[in-house]
1. For segment 1-38 and segment 113-170, compute the distance between their C-alpha centroids and round to whole Å.
2. Along segment 92-102, what does the Karplus equation 6.51 cos²θ - 1.76 cosθ + 1.60 (θ = phi - 60°) give for ³J(HN,Hα), rounded to whole Hz, x for Gly and Pro?
3. Apply the Karplus curve 6.51 cos²θ - 1.76 cosθ + 1.60, θ = phi - 60°, to the phi angles in segment 14-22 and return the couplings in whole Hz, x for Gly and Pro.
4. Mind pulling the angle between the C-alpha long axis of helix 160-170 and the longest principal axis of the chain? Nearest 10 degrees, somewhere in 0 to 90.
5. Nearest 20 debye, what's the magnitude of the dipole of segment 1-144 about its Cα centre given +1 on Lys and Arg Cβ and -1 on Asp and Glu Cβ?
6. Over all directions, what mean area does the Cα convex hull of segment 1-147 project, stated in square nanometres?
7. For the chain, what is the calculated [θ] at 222 nm in deg cm²/dmol (nearest 500), taking -39500 (n - 2.57) for each run of four or more DSSP H residues and dividing by its residue count?
8. Given H placed on each backbone N at 1.01 Å, which residues far from residue 101 in sequence or on other chains put an amide H within less than 5 Å of it?
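The values are calculated or read from the model by the stated rules, or taken from the named source; none is laboratory data. Here the structure is a predicted model, which is why all the values come from computation and not from measurement. Cβ atoms come from the backbone with ideal geometry, glycine included; neighbour counts cover every protein chain shown. The accessibility values were calculated without ligands, DNA or RNA, using every heavy atom of the protein model including side chains. Shrake-Rupley method; radii C 1.70, N 1.55, O 1.52, S 1.80 Å.
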Amino acid sequence: MDIERINDYDDPRFPREVLNQHGAFVVDGKYPCSFRIIDETTAEIDFHDYSDVTPLIENFRFYAEHVTVFCDKSGKVIAEFPKIKTFPLGVGLIQPSQFYVDEDKVNAVSDFIASGNDIVIPVMKRDGRYISLDGHTRLYYAYTRGWNTVRAFEAEVNDYVLEFVEEAKKRGVSGVGNMELLSHSEYELKWNKFCDDFFAAK
């Protein structure tokens, strides 16, 4: 099964809500699969063959580990995983591992996030603070809205993240509000170039 995640916000195969949540996938180049997050732990799957969704769920959970219950369009639960323990976390206690934010992504998350409780991010604890491993767009949106608290869960971390954090600190990014908001094209150019150069050097 070949699974492609759709990162665009304009794809006629998927509802806008699904695209904004990054829940759009295409299987074998032709079969669309939608994940619509209903609440903190639950997502609805829309796919033509529910007998073969395990690889899709695993792929989706790589990006959204806190979602542990999956149901079909009728509401029937088709997969369930052990619940991830989340906790409230002050935005001011978070050290980003990224230094740019995509303006288009910020606009997209504004469509489905109503409060800090809607934001669930993976983190690791280090030196009395928490490093955000993902979810920087949502964190930045929380910051701009003046929300002081989000929800978080501790997750496994790749070693390179600590190097990203050191680079962020060198650039003056010691908190969520220090990340630089860029147009989509600028973000693609600057962030992708940094990542490409970083991993090429490895």
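1. Answer, in whole Å: 24.
2. For segment 92-102, the Karplus curve yields x, 8, 9, 9, x, 10, 9, 10, 10, 10, 8 Hz.
3. Working through the residues one at a time gives 10, x, 4, 4, 5, 4, 5, 8, 6 Hz.
4. 40
5. On the way: 15 positive and 24 negative charges, 125 e Å.
That gives a dipole near 600 debye.
6. Numbers: hull surface 37.2 nm².
Taking a quarter of the hull surface, the average projection is 9.3 nm².
7. On the way: 6 runs with 61 residues, N = 202.
Result for the chain: -9000 deg cm²/dmol, rounded to the nearest 500.
8. For residue 101, whose amide H was placed from the backbone, the distant partners under 5 Å are 180, 181, 182.
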